[in-house]
Amino acid sequence: MPIWDFLRTYSPALAAGTLTTCIEFLMATAIAVVVAVAMGLAKLSGRWLIRVPAIVYIEIFRGTSLLVQLYWIFFVLPLFGITLPKSIAGFLSVGLNCGAYGAELVRGAIEAVPRGQWEAATAISLSPGVRMRRIILPQALSVMLPPWGNLLVELLKGTALVALISVSDLMFEVKQINAMTYLSAQAFGTALVIYYLLARFLITPFMRWLEHVASRRLGKV
Amino acid sequence: MTPDWRWDFALEILPRLLRATGNTLTAAAAGYAIALILGLVLALAQRTKWHSITLVVRECVEFIRSTPLVLQVFFVFYVAPQFGINLSPWTSGLAAIGLHYSAYLSEVYRSGIDAVPRGQWEACRALNLPLRRTYLRIILPQALIPAVPGMGNYLVGIFKDTPILSVIGVAELMQMANTVGSENYRFLEPFTLVGIIFLFISLPAAGLVKLLERRLRLAMGL
Amino acid sequence: MDTSEYPLELPADDRPMVRFLNVNKNYGSFPVIHQLNFDVAEGEMVTIIGPSGSGKTTVLRILMTLESISSGVIYVDGKPLTHMVKGGILVPADEHHLRKMRSSIGMCFQHFNLFPHMTALQNCMEGPVQVLGLTKKEARERSEELLTLVGMIDKKDQHPSRLSGGQQQRVAIARALAMRPKVMLFDEVTSALDPEVIGEVTNVIRKLVAEHNLTMLMVTHQMGFARDISDRVCFFYGGKIEEEGSPQDLFGNAQRERTKQFLSAVKEAR
């Protein structure tokens with residue numbers, strides 16, 4: 001079947017799948033950001049009791065595969081009494097996984113802020129919380145934005161795995177179409193193009209815009 | 001409420017999981033070998049003097065890097081037979097993973113090569129070295145040494161991505177855990193053991209990469 | 001460290017603004033400050049000079065609580081800075097105490113360290129709003145007053161990246177003053193500036209000395225400037241005060257050999 005007919009016939013399913021993918025992406029991003037900032041800061045803490053759990057978390061989530069984590073959260077957690085609906089299990093795993101990588105980005109960016117800034121903040125008696133929130137993190141932000149751009153593309157790719165626990169995202173829809181029609185090239189090919197468009201023409205430009213805003217706030221523009 | 005962990009079951013399935021781990025490691029190594037070679041080809045292809053080839057290759061690399069591996073695996077597995085190329089799950093999985101990671105590695109190679117100072121190229125030109133020798137003896141050795149840590153990280157990454165091959169039935173670790181779990185209606189031990197096995201391999205590997213990076217940095221006087 | 005021989009508070013009749021008592025600071029086993037006993041009276045302007053490694057910058061950094069001391073006690077306005085009173089004795093200060101005492105001290109750095117993501121005005125307002133609890137309006141009024149004092153009022157909405165070194169340093173002075181400190185520290189504030197803008201900054205400091213009764217401690221290589229405005233000059237060597245006196249005495253008639261060597265080396269450099 002030529003590609004245009006294919007698109008016309010299956011566009012409702014593809015659109016629905018893409019919408020689900022976008023929602024999973026946004027939810028996973030929200031979780032990843034929160035986790036990354038929390039764990040990144042925790043890993044910098046002087047207190048052993050705060051630092052070690054963060055290190056353990058980061059090493060476990062970075063050292064095991066996203067698919068393993070996804071299956072574990074969906075199949076094994078219920079045995080501990082925590083049964084999550086599959087869409088939540090989906091974006092939760094992706095978010096927790098990418099958050100672990102993000103934590104390293106946050107930590108590296110904070111450490112990249114010049115020492116003099118910490119000292120100047122101390123010299124006007126700012127408390128550690130205010131110092132981090134108003135002085136250090138805003139400056140760390142523009143350092144971490146470019147690698148976060150790459151991480152978000154990885155996160156988008158990660159959401160494709162939630163199809164494997166039957167969440168009806170784009171990946172799931174094309175698998176269904178393929179199973180019914182064997183139009184593999186059209187189905188999987190279209191999905192590839194859609195993911196590519198989302199990554200290259202939505203995520204990447206958005207991150208570039210954020211980088212621009214961040215450097216404007218530093219007065220560099 | 002915690003389920004009871006059955007040590008006897010865990011020990012019973014462990015041998016099968018460990019054997020499957022062997023498959024996983026083989027798949028990772030083979031995929032990585034493909035990626036190493038193909039990645040270099042892609043990197044060099046972006047340095048030709050024909051602007052159109054450079055652009056096309058660039059976009060292809062971006063395309064592969066920006067789309068999910070699992071989707072690429074399905075694509076290769078289902079579409080190849082329709083063009084008359086019959087591939088086993090193993091082969092199509094390897095091809096897809098090799099292709100996916102070659103895109104990443106091509107970026108690593110590219111930035112390594114770009115980092116070699118201009119003067120090196122000019123010295124080769126002045127000595128009238130042929131292009132092949134220029135690359136092999138002068139440029140690539142300098143380009144690759146700082147690239148080693150990045151490449152090491154991708155090796156660990158490939159290992160962690162092999163479970164994706166389970167979706168097309170490749171008999172690696174995740175697939176075995178799924179099988180064992182379905183056979184016995186118990187997923188707690190198989191999935192947890194898989195996680196632990198992964199940690200046991202990827203954490204030391206990542207540590208080795210960091211060690212290698214530090215050693216190289218010292219050796220290069222940085 | 002046994003703190004029993006140190007007073008919990010300085011008596012009213014013997015209360016310099018700053019007092020160092022038997023202060024030592026070691027980096028590992030290396031003594032950077034050695035048995036320092038040093039007073040700065042209220043309203044006094046003291047300049048510290050000396051070769052690099054003599055410990056002079058460390059004195060300022062310890063006072064600003066950017067670094068800790070190995071032994072001894074430091075008092076600011078009669079109260080212990082590095083220690084606090086707990087259960088009737090002096091114990092090493094905790095973060096809470098340090099933060100309370102820090103507000104009395106202000107510091108300007110060699111590399112200005114202005115917050116790049118804030119305008120000049122916002123830099124000055126940050127401390128008063130976040131720490132002193134002023135309203136935005138009050139903080140703005142105070143900051144604008146100080147920016148006018150240092151001659152930077154027309155650049156109040158500029159980011160530091162748009163300002164020259166001399167301009168940034170003047171804003172940094174205004175920022176420190178906005179906290180109304182009792183003691184102002186100047187750590188080589190002109191060393192990173194091009195020669196033609198050094199005057200902008202030294203003029204501001206001159207103004208402060210002439211018009212305000214602030215206690216000031218300055219580390220500098222600008223000998224002429226130090227001579228003009230200081231009440232007292234201390235020559236530091238090897239973590240100790242080698243010689244001190246009025247500018248006329250120290251610069252004109254140094255007694256110790258090391259002081260004379262240092263001063264002649266500096267004259268030659270100029």
Be a star and scan the stretch C:225-254 for residues whose amide nitrogen sits under 13 Å from the point 7 Å along the Cα-to-Cβ vector of residue C:260.
C:252-254
With no solvent and one point on each alpha carbon, what is the Debye value of log10 I(q)/I(0) for chain A at q = 0.09, 0.12, 0.16 Å⁻¹?
-0.46, -0.74, -1.10
Would you please classify the overall shape of the stretch B:20-219 from the alpha carbon gyration tensor, given that a ≥ b ≥ c denote the square roots of the eigenvalues, rounded means a/c under 1.5, and beyond that prolate means a/b larger than b/c while oblate covers the rest?
oblate
Considering only B:15, C:6, B:91, whose Cα is most displaced toward the positive end of the charge dipole of the protein assembly as shown, charges sitting on Cβ of Lys, Arg (+1) and Asp, Glu (-1)?
B:91
What is the calculated FRET efficiency for residue A:206 to residue C:212, with r their C-beta to C-beta distance and R₀ = 56 Å, to the nearest 0.05?
0.65
Once amide H atoms are built 1.01 Å from N in the peptide plane, which residues 5 or more positions from residue C:84, or in another chain, come under 5 Å H to H?
C:91, C:93
Considering only DSSP beta bridges whose two residues both sit in the protein assembly as shown, what percent are antiparallel, to the nearest 5?
60
Among B:56, B:148, B:76, whose mean-square fluctuation peaks in a Gaussian network model of chain B (Cα, cutoff 10 Å)?
B:56
Do the sum for chain A: with -39,500 (n - 2.57) for every DSSP H run of n ≥ 4, divided by all residues, what is the mean residue ellipticity at 222 nm, to the nearest 500 deg cm²/dmol?
-25000 deg cm²/dmol
Under 1.5 on a/c is rounded, so check that first for the stretch A:1-123, then, if it is not, pick prolate when a/b is larger than b/c and oblate when it is not; a ≥ b ≥ c are the square roots of the alpha carbon gyration tensor eigenvalues.
oblate
Test item: Cα-centred dipole of chain A, Lys/Arg +1 and Asp/Glu -1 on Cβ, debye:
740
In a Gaussian network model over chain C where Cα atoms closer than 10 Å are linked, find which of C:167, C:110, C:130 has the largest mean-square fluctuation.
C:130
Which of rounded, prolate or oblate describes chain C when judged by the alpha-carbon gyration tensor and an a/c cut-off of 1.5?
oblate
Consider all pairwise Cα distances in the stretch C:1-155 and report the whole-number % of them above 22 Å.
51
If you build a Gaussian network model of chain C, linking Cα atoms that sit under 10 Å apart, which residue out of C:189, C:131, C:73 swings the most?
C:131
Computed [θ] at 222 nm, deg cm²/dmol, chain B (DSSP H ≥ 4; -39,500 (n - 2.57); rounded to nearest 500)
-27000 deg cm²/dmol
Counting only residues 5 or more apart in sequence or on a different chain, those whose built amide H sits under 5 Å from that of residue C:108 are C:185, C:186, C:187
Given R₀ = 35 Å, FRET efficiency for residue B:137-residue B:91 by Cβ-Cβ distance, to 0.05?
0.50
Tell me the mean residue ellipticity at 222 nm calculated for chain C from its helices only (DSSP H runs of n ≥ 4, each -39500 (n - 2.57), averaged over every residue, nearest 500).
-10500 deg cm²/dmol
Among bridges DSSP assigns within the stretch C:68-207, what percent are antiparallel (round to 5)?
60
Using a cut-off of 29 Å between alpha-carbon atoms, which lysines can reach residue A:86, once sequence neighbours fewer than 8 places away in the same chain are excluded?
A:157, A:175, B:160
Pairs over 23 Å Cα to Cα, from C:25/C:79; C:25/C:56; C:207/C:240; C:25/C:240; C:100/C:156, come to C:207/C:240; C:100/C:156
Shielding of A:182-192 by other chains, given as the mean Cβ count within 10 Å, works out to 5
Collect residues whose amide H, placed 1.01 Å from N in the peptide plane, falls under 5 Å from the amide H of residue C:72; neighbours closer than 5 in sequence don't count.
C:24
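Read-outs: derived from the displayed coordinates by stated rules, not from any lab. Note that this is a predicted model, so its numbers are computed, not measured. So basically every Cβ, Gly included, is an ideal-geometry build from the backbone, and we count neighbours across all protein chains shown.
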